[in-house]
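As C-alpha coordinates, the structure follows; a few thoughts come after it.
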Amino acid sequence: METIILAVVIAVVVLGVLGGLVVGSRRKKPLPPAPPTTPDLTAPPAEPHIGDEAETPRDEPRRTIEEVDLPGSADGSSVAVEEPPVPVIEVPEPTAGRLVRLRARLSRSQNALGKGLLTLLAREHLDDDTWEEVEDTLLTADVGVRPTQELVERLRERVKVLGTRTPADLRALLREELLQILEPGFDRTVKTDSNLDTPGIVMVVGVNGTGKTTTTGKLARVLVADGKNVVLGAADTFRAAAADQLQTWGDRVGARTVRGPEGGDPASIAFDAVKEGIEAGADVVLIDTAGRLHTKTGLMDELGKVKRVIEKHAPLDEVLLVLDATTGQNGLVQARVFAEVVEITGIVLTKLDGTAKGGIVIAVQRELGVPVKLIGLGEGADDLAPFEPEAFVDALIGE
(Lines give C-alpha, C1' and ligand atoms only; values in the text may rest on other atoms or scores of the structure.)
Protein backbone atom coordinates (compact mmCIF):
# COMPACT_ATOMS: atom_id res chain seq x y z
CA MET A 1 0.00 0.00 0.00
CA GLU A 2 2.77 2.40 0.89
CA THR A 3 4.39 1.57 -2.43
CA ILE A 4 1.30 2.65 -4.34
CA ILE A 5 1.04 5.92 -2.45
CA LEU A 6 4.70 6.64 -3.12
CA ALA A 7 4.26 6.01 -6.86
CA VAL A 8 1.32 8.38 -7.05
CA VAL A 9 3.27 11.10 -5.25
CA ILE A 10 6.20 10.68 -7.64
CA ALA A 11 3.92 10.90 -10.65
CA VAL A 12 2.31 14.08 -9.36
CA VAL A 13 5.70 15.64 -8.80
CA VAL A 14 6.92 14.68 -12.28
CA LEU A 15 3.78 16.14 -13.87
CA GLY A 16 4.23 19.36 -11.95
CA VAL A 17 7.85 19.69 -13.05
CA LEU A 18 6.94 19.09 -16.69
CA GLY A 19 4.12 21.65 -16.55
CA GLY A 20 6.48 24.25 -15.14
CA LEU A 21 8.97 23.67 -17.92
CA VAL A 22 6.31 24.14 -20.59
CA VAL A 23 5.04 27.34 -19.05
CA GLY A 24 8.59 28.67 -18.74
CA SER A 25 9.40 27.99 -22.36
CA ARG A 26 6.30 29.86 -23.51
CA ARG A 27 7.25 32.88 -21.43
CA LYS A 28 10.76 33.00 -22.92
CA LYS A 29 9.50 33.00 -26.63
CA PRO A 30 10.32 36.43 -28.21
CA LEU A 31 7.42 38.70 -28.95
CA PRO A 32 6.87 40.08 -32.50
CA PRO A 33 8.51 43.49 -33.14
CA ALA A 34 6.36 46.49 -32.51
CA PRO A 35 5.20 48.40 -35.59
CA PRO A 36 7.44 51.34 -36.48
CA THR A 37 6.24 54.65 -35.33
CA THR A 38 5.14 57.08 -38.07
CA PRO A 39 7.56 60.00 -38.35
CA ASP A 40 6.09 63.33 -37.60
CA LEU A 41 6.44 64.95 -41.07
CA THR A 42 4.85 68.15 -42.28
CA ALA A 43 2.25 67.40 -44.99
CA PRO A 44 2.79 69.22 -48.32
CA PRO A 45 0.36 71.94 -49.14
CA ALA A 46 -2.60 70.82 -51.18
CA GLU A 47 -2.66 71.80 -54.86
CA PRO A 48 -4.90 74.78 -55.56
CA HIS A 49 -8.17 74.06 -57.27
CA ILE A 50 -10.03 76.21 -59.73
CA GLY A 51 -11.00 79.41 -57.97
CA ASP A 52 -8.45 78.96 -55.15
CA GLU A 53 -5.64 81.36 -54.48
CA ALA A 54 -2.17 80.16 -55.46
CA GLU A 55 -0.81 81.00 -52.03
CA THR A 56 -2.01 82.00 -48.61
CA PRO A 57 -3.76 85.36 -48.80
CA ARG A 58 -1.75 88.14 -47.36
CA ASP A 59 -3.10 90.87 -45.24
CA GLU A 60 -2.78 93.59 -47.84
CA PRO A 61 -5.06 96.48 -48.61
CA ARG A 62 -7.16 95.75 -51.66
CA ARG A 63 -8.20 98.25 -54.36
CA THR A 64 -11.54 98.48 -56.04
CA ILE A 65 -11.89 98.36 -59.81
CA GLU A 66 -12.35 102.13 -59.90
CA GLU A 67 -8.91 102.57 -58.30
CA VAL A 68 -7.05 100.32 -60.72
CA ASP A 69 -5.51 102.05 -63.77
CA LEU A 70 -6.04 100.25 -67.06
CA PRO A 71 -3.18 100.10 -69.61
CA GLY A 72 -3.12 103.22 -71.66
CA SER A 73 -1.27 106.41 -72.29
CA ALA A 74 0.61 108.41 -69.69
CA ASP A 75 -2.48 110.39 -68.82
CA GLY A 76 -4.39 107.23 -67.99
CA SER A 77 -6.66 107.25 -71.03
CA SER A 78 -7.65 103.82 -72.35
CA VAL A 79 -6.28 102.34 -75.54
CA ALA A 80 -8.66 101.21 -78.27
CA VAL A 81 -8.72 97.48 -79.02
CA GLU A 82 -7.13 96.70 -82.36
CA GLU A 83 -9.53 95.51 -85.04
CA PRO A 84 -8.64 92.41 -87.07
CA PRO A 85 -6.80 93.32 -90.28
CA VAL A 86 -8.96 94.02 -93.30
CA PRO A 87 -8.31 91.62 -96.21
CA VAL A 88 -6.15 93.22 -98.84
CA ILE A 89 -8.04 93.71 -102.10
CA GLU A 90 -5.86 92.98 -105.11
CA VAL A 91 -5.71 95.34 -108.06
CA PRO A 92 -5.98 93.18 -111.20
CA GLU A 93 -3.77 93.77 -114.19
CA PRO A 94 -5.37 96.01 -116.87
CA THR A 95 -6.91 94.07 -119.74
CA ALA A 96 -5.64 96.29 -122.53
CA GLY A 97 -2.98 94.45 -124.51
CA ARG A 98 -2.96 91.35 -122.31
CA LEU A 99 -2.53 89.01 -125.27
CA VAL A 100 0.31 91.13 -126.58
CA ARG A 101 2.14 90.75 -123.26
CA LEU A 102 1.52 87.01 -123.34
CA ARG A 103 2.48 86.57 -127.00
CA ALA A 104 5.89 85.11 -126.19
CA ARG A 105 4.30 82.36 -124.09
CA LEU A 106 1.74 81.66 -126.79
CA SER A 107 4.33 81.48 -129.56
CA ARG A 108 6.48 78.99 -127.64
CA SER A 109 3.63 76.49 -127.50
CA GLN A 110 1.80 77.19 -130.77
CA ASN A 111 4.33 78.03 -133.47
CA ALA A 112 4.83 74.41 -134.50
CA LEU A 113 1.86 74.88 -136.83
CA GLY A 114 3.13 78.08 -138.42
CA LYS A 115 6.72 76.92 -138.75
CA GLY A 116 5.62 73.63 -140.27
CA LEU A 117 3.52 75.37 -142.90
CA LEU A 118 6.24 77.88 -143.76
CA THR A 119 8.78 75.09 -144.16
CA LEU A 120 6.52 73.19 -146.56
CA LEU A 121 5.57 76.25 -148.61
CA ALA A 122 9.23 77.24 -148.97
CA ARG A 123 10.07 74.12 -150.97
CA GLU A 124 11.26 74.72 -154.50
CA HIS A 125 8.65 72.45 -156.07
CA LEU A 126 5.17 72.25 -154.54
CA ASP A 127 3.77 69.01 -155.91
CA ASP A 128 0.73 67.05 -154.82
CA ASP A 129 2.71 65.22 -152.14
CA THR A 130 3.75 68.54 -150.60
CA TRP A 131 0.18 69.80 -150.51
CA GLU A 132 -0.90 66.56 -148.84
CA GLU A 133 1.73 67.25 -146.18
CA VAL A 134 0.26 70.74 -145.75
CA GLU A 135 -3.17 69.16 -145.23
CA ASP A 136 -1.78 66.67 -142.72
CA THR A 137 -0.10 69.49 -140.80
CA LEU A 138 -3.37 71.42 -140.56
CA LEU A 139 -5.42 68.36 -139.59
CA THR A 140 -2.89 67.39 -136.92
CA ALA A 141 -3.26 70.89 -135.48
CA ASP A 142 -7.05 70.31 -135.11
CA VAL A 143 -8.03 72.84 -137.76
CA GLY A 144 -10.78 70.53 -138.98
CA VAL A 145 -11.50 68.91 -142.34
CA ARG A 146 -13.55 71.58 -144.08
CA PRO A 147 -11.45 74.56 -142.93
CA THR A 148 -8.31 72.65 -143.96
CA GLN A 149 -9.63 71.97 -147.46
CA GLU A 150 -10.60 75.62 -147.91
CA LEU A 151 -7.26 76.90 -146.65
CA VAL A 152 -5.20 74.53 -148.82
CA GLU A 153 -7.22 75.40 -151.90
CA ARG A 154 -6.69 79.12 -151.41
CA LEU A 155 -2.99 78.66 -150.66
CA ARG A 156 -2.44 76.59 -153.80
CA GLU A 157 -4.09 79.24 -155.92
CA ARG A 158 -2.22 82.13 -154.31
CA VAL A 159 1.18 80.41 -154.51
CA LYS A 160 0.61 79.54 -158.17
CA VAL A 161 -0.17 83.17 -158.98
CA LEU A 162 2.62 84.54 -156.83
CA GLY A 163 5.36 82.62 -158.62
CA THR A 164 8.64 83.51 -156.96
CA ARG A 165 8.31 83.00 -153.22
CA THR A 166 10.65 84.73 -150.81
CA PRO A 167 10.40 83.95 -147.06
CA ALA A 168 8.83 87.35 -146.47
CA ASP A 169 6.26 86.73 -149.23
CA LEU A 170 5.34 83.33 -147.80
CA ARG A 171 4.95 84.70 -144.28
CA ALA A 172 2.71 87.54 -145.50
CA LEU A 173 0.65 85.11 -147.59
CA LEU A 174 0.18 82.63 -144.76
CA ARG A 175 -0.65 85.39 -142.29
CA GLU A 176 -3.32 86.81 -144.58
CA GLU A 177 -4.97 83.44 -145.19
CA LEU A 178 -4.95 82.43 -141.51
CA LEU A 179 -6.50 85.74 -140.53
CA GLN A 180 -9.19 85.27 -143.13
CA ILE A 181 -10.11 81.79 -141.89
CA LEU A 182 -10.22 83.07 -138.30
CA GLU A 183 -13.22 85.25 -139.22
CA PRO A 184 -11.85 88.68 -138.24
CA GLY A 185 -15.32 90.20 -138.58
CA PHE A 186 -16.63 88.41 -135.45
CA ASP A 187 -17.61 90.61 -132.52
CA ARG A 188 -15.44 89.23 -129.73
CA THR A 189 -16.57 91.61 -127.00
CA VAL A 190 -17.84 89.87 -123.86
CA LYS A 191 -21.35 91.28 -123.45
CA THR A 192 -21.61 92.55 -119.89
CA ASP A 193 -23.91 95.54 -120.42
CA SER A 194 -27.65 94.96 -120.25
CA ASN A 195 -30.14 96.84 -122.40
CA LEU A 196 -32.47 96.85 -119.38
CA ASP A 197 -32.16 98.48 -115.98
CA THR A 198 -30.48 95.33 -114.66
CA PRO A 199 -26.90 94.06 -114.41
CA GLY A 200 -25.34 92.27 -117.34
CA ILE A 201 -25.80 88.52 -116.77
CA VAL A 202 -23.14 86.04 -117.90
CA MET A 203 -23.48 82.26 -117.48
CA VAL A 204 -20.41 80.00 -117.74
CA VAL A 205 -20.98 76.39 -118.86
CA GLY A 206 -18.89 73.39 -119.89
CA VAL A 207 -17.96 69.80 -119.09
CA ASN A 208 -16.04 68.60 -116.05
CA GLY A 209 -12.41 69.60 -115.78
CA THR A 210 -12.30 72.38 -118.36
CA GLY A 211 -11.68 75.07 -115.73
CA LYS A 212 -15.08 76.81 -115.51
CA THR A 213 -14.76 77.98 -111.90
CA THR A 214 -11.22 79.25 -112.44
CA THR A 215 -12.29 80.95 -115.66
CA THR A 216 -15.23 82.60 -113.85
CA GLY A 217 -12.87 83.91 -111.16
CA LYS A 218 -10.38 85.20 -113.71
CA LEU A 219 -13.16 86.84 -115.71
CA ALA A 220 -14.25 88.60 -112.53
CA ARG A 221 -10.72 90.02 -112.25
CA VAL A 222 -10.87 91.20 -115.86
CA LEU A 223 -14.18 92.99 -115.23
CA VAL A 224 -13.04 94.52 -111.93
CA ALA A 225 -9.91 95.79 -113.69
CA ASP A 226 -12.23 97.51 -116.17
CA GLY A 227 -14.06 99.24 -113.31
CA LYS A 228 -17.08 96.92 -113.05
CA ASN A 229 -18.92 96.02 -109.85
CA VAL A 230 -19.28 92.23 -109.95
CA VAL A 231 -21.48 89.68 -108.13
CA LEU A 232 -20.60 85.98 -108.40
CA GLY A 233 -23.18 83.17 -108.29
CA ALA A 234 -21.78 79.81 -107.09
CA ALA A 235 -24.33 77.57 -108.81
CA ASP A 236 -21.90 74.63 -108.93
CA THR A 237 -23.29 72.76 -105.93
CA PHE A 238 -22.14 69.28 -106.94
CA ARG A 239 -18.36 69.57 -106.83
CA ALA A 240 -16.91 69.68 -103.33
CA ALA A 241 -15.44 73.10 -102.39
CA ALA A 242 -16.46 74.69 -105.73
CA ALA A 243 -18.28 77.48 -103.89
CA ASP A 244 -15.28 78.03 -101.59
CA GLN A 245 -12.99 78.25 -104.60
CA LEU A 246 -15.19 80.81 -106.32
CA GLN A 247 -15.58 82.86 -103.13
CA THR A 248 -11.80 82.97 -102.76
CA TRP A 249 -11.53 84.43 -106.26
CA GLY A 250 -14.22 86.97 -105.42
CA ASP A 251 -12.71 87.99 -102.08
CA ARG A 252 -9.37 88.73 -103.73
CA VAL A 253 -10.91 91.48 -105.87
CA GLY A 254 -13.76 92.56 -103.60
CA ALA A 255 -16.59 90.82 -105.47
CA ARG A 256 -19.54 89.44 -103.46
CA THR A 257 -20.30 85.71 -103.84
CA VAL A 258 -23.82 84.31 -103.49
CA ARG A 259 -23.78 80.65 -102.53
CA GLY A 260 -25.96 77.94 -101.05
CA PRO A 261 -25.61 74.55 -99.36
CA GLU A 262 -23.60 71.81 -101.02
CA GLY A 263 -25.93 69.72 -103.13
CA GLY A 264 -28.54 72.50 -103.23
CA ASP A 265 -30.63 73.53 -106.21
CA PRO A 266 -28.32 75.35 -108.66
CA ALA A 267 -31.23 77.13 -110.33
CA SER A 268 -32.27 78.62 -106.98
CA ILE A 269 -28.77 79.90 -106.28
CA ALA A 270 -28.51 81.42 -109.75
CA PHE A 271 -31.87 83.12 -109.20
CA ASP A 272 -30.70 84.53 -105.83
CA ALA A 273 -27.42 85.75 -107.34
CA VAL A 274 -29.19 87.75 -110.03
CA LYS A 275 -31.63 89.10 -107.44
CA GLU A 276 -28.69 90.17 -105.23
CA GLY A 277 -27.01 91.82 -108.20
CA ILE A 278 -30.14 93.81 -109.01
CA GLU A 279 -30.67 94.92 -105.40
CA ALA A 280 -27.00 95.86 -104.96
CA GLY A 281 -26.88 97.80 -108.21
CA ALA A 282 -24.06 95.63 -109.57
CA ASP A 283 -22.80 96.03 -113.13
CA VAL A 284 -22.33 92.32 -113.87
CA VAL A 285 -23.48 89.00 -112.43
CA LEU A 286 -21.36 85.96 -113.29
CA ILE A 287 -22.98 82.54 -112.82
CA ASP A 288 -20.68 79.53 -112.45
CA THR A 289 -22.49 76.28 -113.26
CA ALA A 290 -21.60 72.69 -112.43
CA GLY A 291 -19.54 70.65 -114.84
CA ARG A 292 -21.67 68.05 -116.55
CA LEU A 293 -21.09 65.30 -119.04
CA HIS A 294 -22.53 66.23 -122.40
CA THR A 295 -23.80 62.63 -122.75
CA LYS A 296 -26.04 62.86 -119.66
CA THR A 297 -29.48 64.06 -120.77
CA GLY A 298 -30.75 64.77 -117.24
CA LEU A 299 -27.84 67.03 -116.38
CA MET A 300 -28.14 68.92 -119.63
CA ASP A 301 -31.86 69.43 -119.01
CA GLU A 302 -31.01 70.85 -115.60
CA LEU A 303 -28.69 73.37 -117.27
CA GLY A 304 -31.63 74.49 -119.41
CA LYS A 305 -33.64 74.93 -116.19
CA VAL A 306 -30.93 77.19 -114.71
CA LYS A 307 -31.10 79.35 -117.82
CA ARG A 308 -34.91 79.61 -117.68
CA VAL A 309 -34.92 80.51 -113.99
CA ILE A 310 -32.32 83.26 -114.50
CA GLU A 311 -34.38 84.73 -117.31
CA LYS A 312 -37.27 85.29 -114.91
CA HIS A 313 -35.25 88.32 -113.79
CA ALA A 314 -33.74 89.36 -117.11
CA PRO A 315 -32.45 87.77 -120.31
CA LEU A 316 -28.93 86.40 -120.38
CA ASP A 317 -26.48 88.72 -122.07
CA GLU A 318 -23.74 86.14 -122.55
CA VAL A 319 -23.39 82.35 -122.37
CA LEU A 320 -19.72 81.35 -122.43
CA LEU A 321 -18.77 77.75 -123.20
CA VAL A 322 -15.43 76.79 -121.65
CA LEU A 323 -13.45 74.25 -123.70
CA ASP A 324 -10.13 72.61 -122.94
CA ALA A 325 -7.91 73.25 -125.97
CA THR A 326 -6.02 70.02 -125.35
CA THR A 327 -9.11 67.86 -126.02
CA GLY A 328 -9.00 68.66 -129.73
CA GLN A 329 -11.88 67.38 -131.86
CA ASN A 330 -13.63 65.90 -128.81
CA GLY A 331 -14.25 69.45 -127.69
CA LEU A 332 -16.35 69.99 -130.82
CA VAL A 333 -18.66 67.15 -129.83
CA GLN A 334 -19.14 68.78 -126.42
CA ALA A 335 -19.76 72.15 -128.05
CA ARG A 336 -22.52 70.81 -130.29
CA VAL A 337 -24.49 69.34 -127.38
CA PHE A 338 -24.22 72.45 -125.21
CA ALA A 339 -25.26 74.64 -128.12
CA GLU A 340 -28.48 72.61 -128.40
CA VAL A 341 -29.39 73.15 -124.73
CA VAL A 342 -28.39 76.77 -124.22
CA GLU A 343 -27.67 79.40 -126.83
CA ILE A 344 -23.88 79.69 -126.76
CA THR A 345 -22.70 83.21 -127.55
CA GLY A 346 -18.95 82.89 -126.99
CA ILE A 347 -16.13 80.39 -126.49
CA VAL A 348 -13.40 80.40 -123.84
CA LEU A 349 -10.42 78.19 -124.76
CA THR A 350 -8.37 77.22 -121.72
CA LYS A 351 -4.91 75.59 -121.58
CA LEU A 352 -4.02 77.01 -124.98
CA ASP A 353 -0.44 77.42 -123.77
CA GLY A 354 -0.04 73.71 -123.21
CA THR A 355 -0.80 72.39 -126.69
CA ALA A 356 0.62 72.78 -130.19
CA LYS A 357 -2.85 72.28 -131.67
CA GLY A 358 -3.89 75.88 -132.01
CA GLY A 359 -6.13 75.02 -134.95
CA ILE A 360 -8.94 74.23 -132.51
CA VAL A 361 -9.66 77.98 -132.53
CA ILE A 362 -10.53 77.76 -136.22
CA ALA A 363 -12.46 74.50 -135.90
CA VAL A 364 -14.73 75.48 -133.03
CA GLN A 365 -15.65 78.80 -134.62
CA ARG A 366 -16.57 77.06 -137.87
CA GLU A 367 -18.53 74.36 -136.05
CA LEU A 368 -20.70 76.70 -133.96
CA GLY A 369 -20.57 79.94 -135.89
CA VAL A 370 -19.64 81.49 -132.53
CA PRO A 371 -16.46 83.49 -131.86
CA VAL A 372 -13.67 82.58 -129.48
CA LYS A 373 -13.75 85.53 -127.09
CA LEU A 374 -11.28 84.61 -124.36
CA ILE A 375 -8.24 82.34 -124.12
CA GLY A 376 -6.39 80.98 -121.10
CA LEU A 377 -2.63 81.04 -121.39
CA GLY A 378 -1.50 79.76 -118.01
CA GLU A 379 -2.38 79.25 -114.36
CA GLY A 380 -1.68 82.79 -113.22
CA ALA A 381 -4.53 84.94 -111.93
CA ASP A 382 -4.24 87.35 -114.86
CA ASP A 383 -3.55 84.81 -117.61
CA LEU A 384 -7.02 85.10 -119.15
CA ALA A 385 -6.86 87.34 -122.20
CA PRO A 386 -9.28 88.60 -124.86
CA PHE A 387 -8.72 86.73 -128.10
CA GLU A 388 -7.11 88.93 -130.74
CA PRO A 389 -6.81 87.18 -134.15
CA GLU A 390 -3.86 89.25 -135.35
CA ALA A 391 -1.80 88.66 -132.21
CA PHE A 392 -2.71 84.98 -132.35
CA VAL A 393 -1.59 84.57 -135.96
CA ASP A 394 1.62 86.47 -135.31
CA ALA A 395 2.33 84.05 -132.46
CA LEU A 396 1.70 81.11 -134.80
CA ILE A 397 4.05 82.09 -137.62
CA GLY A 398 6.52 84.22 -135.69
CA GLU A 399 7.65 87.73 -136.39
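Given a 1.4 Å probe and every protein chain left where it sits, what share in percent of the accessible area of segment 182-278 is carbon and sulfur? Walk me through the numbers before you get to the answer.
Numbers: 1810 of 3870 Å².
Carbon plus sulfur share of accessible area: 47 percent.
In segment 225-297, what GluC sites (Glu not before Pro) fall in a loop by DSSP, with at most 15 other Cβ atoms inside 10 Å?
Numbers: sites: Glu262, Glu276, Glu279; in loops: Glu262.
Here the sparse-neighbourhood loop sites are Glu262.
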Stretch gain in nm, segment Ile4-Arg156, where the contour uses 0.36 nm per residue and the Cα spacing is subtracted: 38.0 nm
Cα centroid separation, segment 321-395 to segment 254-289 (Å): 26 Å
Sequence ranges 180-190, 308-318, ranked by mean other-Cβ count within 10 angstrom, highest first: 308-318, 180-190
Cα-Cα over 24 Å, subset of Lys115/Lys212; Lys275/Lys307; Lys228/Lys373; Lys191/Lys305; Lys115/Lys218; Lys307/Lys373: Lys115/Lys212; Lys115/Lys218
For segment 172-192 versus segment 145-171, the gap between their alpha-carbon centres in whole angstrom: 18 Å
All-pairs alpha carbon distance profile, segment 180-278, 10 Å steps from 0, percent: 14, 46, 29, 9, 2
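The values are calculated or read from the model by the stated rules, or taken from the named source; none is laboratory data. What you see is a predicted model, and the numbers here were worked out from it, not measured in a lab. Using ideal geometry, Cβ is built from the backbone for each residue, glycine included, and neighbour counts are taken over all protein chains shown. All accessible areas refer to the heavy atoms of the entire protein, side chains included, with ligands and DNA or RNA removed. Shrake-Rupley method; radii C 1.70, N 1.55, O 1.52, S 1.80 Å.
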